[in-house]
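Down below is the structure, laid out as structure tokens.
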2 protein chains.
Amino acid sequence: MECRQKMHRIPRDHPRYESLRIRQRMVDGSARGLAVREGLLAHGRGEAFDYLLGERTVPEARAASRAAAALLLLAKRPVLSVNGNVASLVPREMVRLARAVPGAAIEVNLFHRTEGRARRIAAELENAARRPGRKGRASRSTIRIFGDRPDARLPNLSSQRAKCHREGMFSADVVLVPLEDGDRAGALKRAGKKVIAIDLNPLSRTARLADVTVVDNIVRALPEIVRQVRLLRRASRARLEKIAGGFDNTANLGRTLGRIVSGLRKLSGKRRP
Amino acid sequence: MECRQKMHRIPRDHPRYESLRIRQRMVDGSARGLAVREGLLAHGRGEAFDYLLGERTVPEARAASRAAAALLLLAKRPVLSVNGNVASLVPREMVRLARAVPGAAIEVNLFHRTEGRARRIAAELENAARRPGRKGRASRSTIRIFGDRPDARLPNLSSQRAKCHREGMFSADVVLVPLEDGDRAGALKRAGKKVIAIDLNPLSRTARLADVTVVDNIVRALPEIVRQVRLLRRASRARLEKIAGGFDNTANLGRTLGRIVSGLRKLSGKRRP
């Protein structure tokens, strides 16, 4: 069996170094039991869209990140959802965001739920929270992480997927769901929550259902949201409401799609062998 | 660890039943040590392009399958390359194709090569070859499968990836490489072989380097190539040469890309929530 598949070194001068390094983090996260195999398939789908977007943060993603930051700062009970892919790719950035948004909690939220995996992911986040930050400072504040003790259910979802925490997602008013499936994004919307999605497919159900969709690779999107939160942290409520209210998700997705279409045209012209 | 991840039942009435069933075969193949985790990522990338193509065999794919069939029937030493994803998804169809093309051999050909995995894949194919066909007939002929005893190297490739069999790929004149990476497709071309690729990304290096590229999901492409081989099996050499020679891969890829672009436009119009 390939469970203990060995890690492959990627040469730094490889033209696709960054993309391959991210891929390696996913493979590693899967080998460590954080992500499931279906998560690898989902990451691959995202990679294809990232490639079509030019593997960069497009202006529409920046605008969406700003609206996301405003929504998070306006929230009474903001919750950041973490699944196996998120934990494999950006555990530290998730902790940073939880620290930057007042009152934010993290909740482990799995499509293929087992309590063992929820525990491993929670431990990964706790570990990320303990490690000193970039400037060598130890963590300043503890963050709330809801992991493997779900005590509530989201309505309109089948058994395992409905599980959540009463003090977490169940009572949240704003939820950030990076890499979420459409069913749960829909259930969160129907439960009256504001939904912020990070999704590389601008046509996915999640992307279209969310109030704010950041169409970008999570490894770029999350640091950008953290940056915007820090920029807006002292902004007035009125200003935040203007930013969030002025954001049109459908129009923003349409513009993103336009970029993919014109990018495809350019790629087809340039890249003949 | 998630090595023994349980299989999920997919309800037959699920709108994405077919795509989910294929996905499940990949997950299963990975759990059985046929495909590596990188293979799951690659499958995910393919899924995204399949989705953009409408998950169907477009006319350009049919034309490419016909040219592929002609090339295979014209070959002196045709070799069909099989990797972990191919073995997970279409082992029986691969055996069928090897039986339909006179003189064809199968060769296990891995990007992340270990002899253990090569052995498992060869065993999977041998098993597929032993099982009775659709009409309950037992296998009529044995097929040659080159697996875990590589005794030659393709020039211009790094260590593990260069390994091949002298009587197989090394001396082949036409090679079918489904789901192949660009480096090896390039090395095969430089070694003077005709390359037939099956690749869902019409912009990939493999797609652009190959002589004939079938842009289609392998679960649909392979049966279509088998069908075309059977239709053309009694055709004259002159007719086969006309079909193969009249095929323009670059133009065909351009038309496929055009379909993706217009498909994206349609999807963006129709699928508002």
With all protein chains modelled, accessible area of B:PHE170 [1.4 Å, Å²]: 70
Listed residues B:LEU125, A:LEU209 arranged by accessible area, highest first, probe 1.4 Å: A:LEU209, B:LEU125
Peptide A:43-55 - average C-beta neighbours from other chains (10 Å radius): 5
Extension gain from B:THR250 to B:GLU18, taking 0.36 nm per residue of separation minus the Cα-Cα distance: 80.5 nm
Over chain A: helical MRE at 222 nm, DSSP H runs n ≥ 4 each giving -39500 (n - 2.57), nearest 500: -16000 deg cm²/dmol
Position B:GLY192, label points 7 Å along Cα→Cβ, spacing to each other copy in nm (shortest first, one decimal): 7.6
Residues whose placed amide H lies under 5 Å from that of A:GLU180, excluding near-sequence neighbours: A:ILE198
Shielding by other protein chains, A:201-213, mean Cβ within 10 Å: 2
Chain A, closest residue to the rotation axis toward B, by beta-carbon, whole angstrom: A:GLY44, 1
Efficiency of FRET from Cβ geometry, A:SER171 and A:ARG239, R₀ 30 Å, rounded to 0.05: 0.65
Solvent accessible area, Å² - A:LYS163, 1.4 Å probe, full protein context: 60
Gyration tensor (alpha-carbon) shape descriptor, the range A:47-194, a/c threshold 1.5: rounded
Amide hydrogen neighbours beyond the local backbone of A:VAL82, cut-off 5 Å, H modeled: A:GLU107, A:VAL108, A:ASN109
Copy-to-copy label separations for B:ALA238, where each label sits 7 Å from Cα toward Cβ, in nm and ascending: 8.7
Chain A: C-alpha gyration tensor shape, a/c 1.5 cut-off, then a/b vs b/c: rounded
Evaluated at q = 0.07 Å⁻¹: base-10 log I(q)/I(0), Debye formula over Cα of the protein assembly as shown: -0.43
In sequence order, calculated HN-Hα J values of the range B:179-192 (Karplus, 6.51, -1.76, 1.60; Hz; x Gly/Pro): 6, 9, 8, x, 4, 6, 4, x, 5, 5, 4, 5, 7, x
Debye, to nearest 20: dipole size of the range B:24-86, +1 on Lys, Arg Cβ, -1 on Asp, Glu Cβ: 320
Between B and A, accessible area buried - total, square angstrom, nearest 100, 1.4 angstrom probe: 4400
A:LYS266 - accessible surface, heavy atoms, 1.4 Å probe, Å² rounded to 10: 130
The range A:104-261: relative contact order as a whole-number percent, Cα under 8 Å and 6+ apart: 15
In order through the range B:44-49: 3J(HN,Hα) via Karplus (6.51 cos²θ - 1.76 cosθ + 1.60), integer Hz, x for Gly, Pro: x, 4, x, 4, 4, 5
Label distances, nm, B:GLU18 versus same residue in remaining copies, Cβ-directed 7 Å point: 3.7
Computed over chain A: relative contact order in percent, which uses C-alpha pairs under 8 Å that are six or more apart: 23
Shielding by other protein chains, A:32-38, mean Cβ within 10 Å: 5
Cα gyration tensor shape of the range A:172-273, rounded if a/c is under 1.5, else prolate or oblate by comparing a/b with b/c: prolate
Accessible area expressed per residue, chain A, with surrounding protein chains retained (probe 1.4 Å, Å²): 44
A:ILE145, B:ILE121, ranked by accessible area, largest first (probe 1.4 Å): A:ILE145, B:ILE121
The range B:170-222-the range A:21-36 distance, computed between alpha-carbon centres (Å): 28
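The values are calculated or read from the model by the stated rules, or taken from the named source; none is laboratory data. Values in this document were obtained by computation on a predicted structure and should not be read as measured data. In this analysis, Cβ positions are derived from the backbone assuming ideal geometry, glycine residues included, and neighbour counts consider all displayed protein chains. With ligands, DNA and RNA removed, areas are computed over all heavy atoms of the protein, side chains included. Shrake-Rupley method; radii C 1.70, N 1.55, O 1.52, S 1.80 Å.
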